[in-house]
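For reference, the structure discussed in these notes is given below.
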Amino acid sequence: MIYVNPISFSMNSYQTSTQSQFELFFFLAMDCKHLWIKNIFVPLSPFQIQVIEDDKAKSTEPFTTGVRGQAPPLVTTNFQVKDQGNASPRFIRCTAYNMPCTADMAKQSQVPLAAVIKPLATLPPDETPPYLVDHGESGPIRCNRCKAYMCPYMQFIEGGRRFQCGFCSCVTEVPPHYFQHLDHTGKRVDCYDRPELSLGSYEFLATVDYCKNNKLPQPPAFIFLIDVSYNAIKSGMVSIVCQELKTLLDYLPRENPEMDSVVRVGFVTYNKVLHFYNVKASLAQPQMLVVSDVSDMFVPLLDGFLVNVNESRLVIESLLDQIPEMFADTRETETVFAPVIQAGLEALKAADCAGKLFVFHTSLPIAEAPGKLKNREDKKLIGTDKEKSLFQPQVGFYNNLAKECVAQGCCVDLFLFPNQYVDLATLGVVPVSTGGSVYKYTYFQAQSDQERFLNDLRRDVQKLVGFDAVMRVRTSTGIRATDFFGSFFMSNTTDVELAGLDCDKAITVEFKHDDKLSEETGALMQCAVLYTSCSGQRRLRVHNMAVNCCSQLADLYRNCETDTIINFFSKYAFRGVLNSPTKAVRDTLVNQCAQILACYRKNCASPSSAGQLILPECMKLLPVYLNCVLKSDVLLPGADVSLDDRAYLRQLISCMDVAETHVFFYPRLLPLVSSHTHSLPVAVRDSEERLSKGGVYLMETGLHLFLWVGASAQQELLLNIFGTQSFSQIDPNTSLPVLDNPFSKRLREIIDSFRAQRSRYMKLMVVKQEDRAELIFRHFLVEDKSASGGASYVDFLCHMHKEIRQLLS
């Protein structure tokens, strides 16, 4: 438990002051070693950075998942996981590892009960991916009543002839082929030979009963749909895409690196009309077929549209060479959008397969066609009750189109290159509903943005992805999954449908009580995802998680994870802006956080002065992180933040995992010192007062990298990084030079390792102190007051303390 004596703290005078509504005003010097309290110098340990460093220091051993209700190391810690019966925290992280036994207790604490699930997460090389279990034609063993899959929580009885379900307690016969004797402890003797009896995560090979229309699926297809309007040609986007695809098609996803990919490919270009291409291997040249009636979309050819890359390589390369030339002199500025997705969908329907559409698009679709949009950007609505309408789709057409795409297993990834408003709130509906991604390159310029775009495209095409997926979360009696956040579609209350599910997508699930839980049995959850692999195999991936249950509030507060709570709160709030004014959403967040901390203060903390702010040990960073969510561009935009930017971030955060929301809301700021050649420098707090004029700092936000250079930075540092000793000679518009010295090599290694951890390529921006670009950098110094009026951390803490005291009184 953390005690903080509240005082007013002036950075200039270091003098205390009083204020009537408090016994004392307070300031938390989270990184200072000392604090003035009534003119007494009091030692105080550093906070935010210290919490992260302490966790790294104590997490030296591998994290074993065999102990129920054990909270894992923080997402900021590097650690190895050993699966011993619960899913790895790389797959599932919970807000609380000790759930309240009753709904009343949960309501009293206001701690959200949720899990962030990343079903296809990539594991580090030193961890074993989930084993694939094949039970033959009979398929996976399941509980007769609740249909939960065989897992370590099933109890075998009657000598192994039957098993009792850990979720619903129903007893089911063990099929003869699966029978095995029990040892003296009641465990099957083959328990450790079977992944489904001893591990938290594994896969089953699904039988034909788990397939659409009871027939095994075809391998998926990738269709590339390229905007060839005037803006697309002029920016260089079209020639960059065509050039890149010539090599990228050799890296289509495959499960076995030794084998060729079975994914077929097709190509469409478009402006106001659509051009389909026949790239059949037997042709000498590709053939173009034009569909100009976009109101009734159809695919003008079947044979020769979706092809095997190796068989049709020469024809494909010829097409990719010709496309930029064919449209080089175009004057067509208008585009369509919905018919483009319809075209890809119809092609997948005709081929009877699932797949992914890669759409490269530049502008608001104003041409006469289904899904036509108008410019509705209206800054006057921001901050009013009508602001929410700007986050909602402009027309209902795209919701219906998304539903059709999901039914076919057609996932849409959208690469946007806008120079003005494109109504991303509407264009993003289909990608978000199909489990796809949106990438945005505003004012795209080939020279400066090509690197980021191509790295994003390469990763997007190559990453492992599942198609036509359905996810269901089952729970033991007492709780149930009631709400879901992420990029997916739901046609009922239980099944999360994903046309595509890749290794970067997370789904956040909220749980509510529907009965009492017992401390003895704990609470169980099982996430099962049925999907088609990129090789065309139907599979079930299963993740199991058991947590403790408690009847004392103190036990709940001892086993929460703040980073996961913030992930949940941000998604809850960002969805809330669809239906409520942003101010109401912010107030709701502050109120819930105050209730969480007030409940702790009232029921768990030892008696103390009302002037003290008391935080639970594992939630001491809740106020600092919550303030970052409240100040985010979605909830409190600056004057320079466009509607499309806000819609983009809202959609992006909805499917982030805990590590990504952590760095997004509280960026990592590292001082670069010459002596740090091997270990990573310890981060500093995100505040301007942490920046020294004589220093150079690297900041990572998850979407951007900044290299901030102080006006009087050491000459040795500048020479090692930029090859010049003079601050004035540094050109912020050029890329980081590759220099042959240990410091330059180490810096590039750090940058590469940061980029490898993120799902999107982070472009490095060099920021010189007092340059115009410093405004962008300062936006991410989240502990300071923001230009849009967001509170500094100190001010927010004062506000939080006042709210808590009002609740307690």
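Structural remarks
- Candidates in the range 129-150 are the residues that are crowded, with 20+ Cβ neighbours inside 10 Å and in contact with a Ser or Thr (Cβ under 6 Å, 6 or more places away or on another chain); of these, the one that is farthest from CYS211 (Cα to Cα) is PRO130.
- PRO623 being in a loop (DSSP other than H, G, I, E, B) and either of a type outside the set (Gly, Ala, Ser) or free of Cβ contacts under 8 Å to residues at least 40 places away in the same chain (or both): no
- Whichever residue in the range 37-73 is hydrophobic (A, V, I, L, M, F, W, C) and open to solvent by less than 40 Å² (accessible area, probe 1.4 Å) and, among such residues, is modelled with the highest pLDDT: PHE63
Matching residues to (1) farther than 30 Å from PRO129 by Cα; (2) modelled with pLDDT under 95; (3) not assigned by the TED database to the domain that holds CYS798:
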{"position": "ALA528", "(1), (2), (3)": "no, no, yes"}
{"position": "ASN544", "(1), (2), (3)": "no, no, yes"}
{"position": "PHE568", "(1), (2), (3)": "no, no, no"}
{"position": "ALA573", "(1), (2), (3)": "yes, no, no"}
{"position": "ASN579", "(1), (2), (3)": "yes, no, no"}
{"position": "SER608", "(1), (2), (3)": "yes, yes, no"}
{"position": "CYS628", "(1), (2), (3)": "yes, no, no"}
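- For the range 151-166, a residue qualifies if it is open to solvent by 20 Å² or more (accessible area, probe 1.4 Å), in a loop (DSSP other than H, G, I, E, B) and touching a residue at least 24 places away in the same chain (Cβ under 8 Å), and the qualifying residues are PRO152, TYR153, GLY166.
- Among the residues listed as ASP321, ASP296, ASP329, ASP352, the single one being open to solvent by 20 Å² or more (accessible area, probe 1.4 Å), modelled with pLDDT under 95 and either within 32 Å of the chain's Cα centre (by Cα) or not hydrophobic (A, V, I, L, M, F, W, C) (or both): ASP296
- Taken as a whole, the structure places ILE117 among residues that are β-branched (Val, Ile, Thr) and either surrounded by 15 or more Cβ atoms within 10 Å (Cβ to Cβ) or under 18 Å from MET525 (Cβ atoms) (or both).
- Residues in the range 643-682 that are of a type in the set (Gly, Ala, Ser), open to solvent by 10 Å² or more (accessible area, probe 1.4 Å) and at pLDDT 95 or above: SER654, ALA659.
Listed here are the residues, each with its yes/no results for (1) in contact with a Leu (Cβ under 7 Å, 6 or more places away or on another chain); (2) touching a residue at least 40 places away in the same chain (Cβ under 8 Å); (3) of a type outside the set (Val, Ile, Thr); (4) not in a helix (DSSP H, G or I).
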| position | (1), (2), (3), (4) |
| --- | --- |
| PHE511 | yes, yes, yes, yes |
| ASP515 | no, no, yes, yes |
| SER518 | no, yes, yes, yes |
| LEU530 | yes, yes, yes, yes |
| THR564 | no, yes, no, no |
| TYR572 | no, yes, yes, no |
| LEU578 | no, yes, yes, yes |
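- Verdict on LYS234 being basic (Lys, Arg), surrounded by fewer than 19 Cβ atoms within 10 Å (Cβ to Cβ) and within 18 Å of LEU416 (Cβ to Cβ): yes
- Just one of the numbered conditions (1) in a strand (DSSP E or B); (2) within 17 Å of the chain's Cα centre (by Cα) is not true of SER487: (1).
- Restricting the range 256-281 to residues that are closer than 30 Å to SER533 by Cβ and over 32 Å from the mean Cα position of the chain (by Cα), the residue that is most open to solvent (accessible area, probe 1.4 Å): LYS280
- Helices (runs of 4 or more DSSP H) (entirely within the range 176-277) containing at least 2 residues that are farther than 30 Å from VAL67 by Cα and of a type in the set (Lys, Arg): none
- Top-ranked residue in the range 402-423 [being open to solvent by 10 Å² or more (accessible area, probe 1.4 Å), free of Cβ contacts under 8 Å to residues at least 60 places away in the same chain and not in a loop (DSSP other than H, G, I, E, B); ranked as nearest to ILE233 (Cα to Cα)]: GLU404
- Only one of PRO130, PRO176, PRO125 that is touching a residue at least 24 places away in the same chain (Cβ under 8 Å) and either farther than 14 Å from ASN544 by Cβ or not small (Gly, Ala, Ser) (or both): PRO130
- Criterion: closer than 30 Å to LEU120 by Cα and open to solvent by 10 Å² or more (accessible area, probe 1.4 Å) - qualifying residue of LEU302, LEU314, LEU306, LEU252: LEU306
- Scan of the range 83-96 for residues that are surrounded by fewer than 24 Cβ atoms within 10 Å (Cβ to Cβ) and within 20 Å of LYS571 (Cβ to Cβ), ordered by number: ARG90
- Counted residues, the range 426-454 - those being touching a helix residue (DSSP H, G or I) at 6+ places or on another chain (Cβ under 8 Å), open to solvent by 10 Å² or more (accessible area, probe 1.4 Å) and either in a helix (DSSP H, G or I) or outside the structural domain of ALA402 (by the TED database) (or both): 6
- Filter result (out of contact with any Pro (no Cβ under 7 Å at 6 or more places or on another chain), of a type in the set (A, V, I, L, M, F, W, C) and open to solvent by 30 Å² or more (accessible area, probe 1.4 Å)) within the range 754-809: ALA756, LEU764, MET765, LEU775, ILE776, ALA787, ALA791, VAL794, LEU807, LEU808
- If the condition is being open to solvent by 10 Å² or more (accessible area, probe 1.4 Å) and not charged (D, E, K, R), then the range 533-544 contributes SER535, GLY536, GLN537.
- Looking only at the range 455-476, and only at residues there that are closer than 16 Å to VAL263 by Cβ and part of a strand (DSSP E or B), the one that is most open to solvent (accessible area, probe 1.4 Å): ASP468
- Hits in the range 587-626 (condition: buried (at least 17 other Cβ atoms within 10 Å of the Cβ), of a type in the set (Ser, Thr, Tyr) and over 25 Å from the mean Cα position of the chain (by Cα)): TYR600
The values are calculated or read from the model by the stated rules, or taken from the named source; none is laboratory data. Fair warning: this is a prediction, and the values are worked out from it, not measured in the lab. Here Cβ is always computed from backbone atoms with ideal geometry, including for glycine, and neighbour counts include all displayed protein chains. For accessibility, only protein heavy atoms count, side chains too; no ligands or nucleic acids. Shrake-Rupley method; radii C 1.70, N 1.55, O 1.52, S 1.80 Å.
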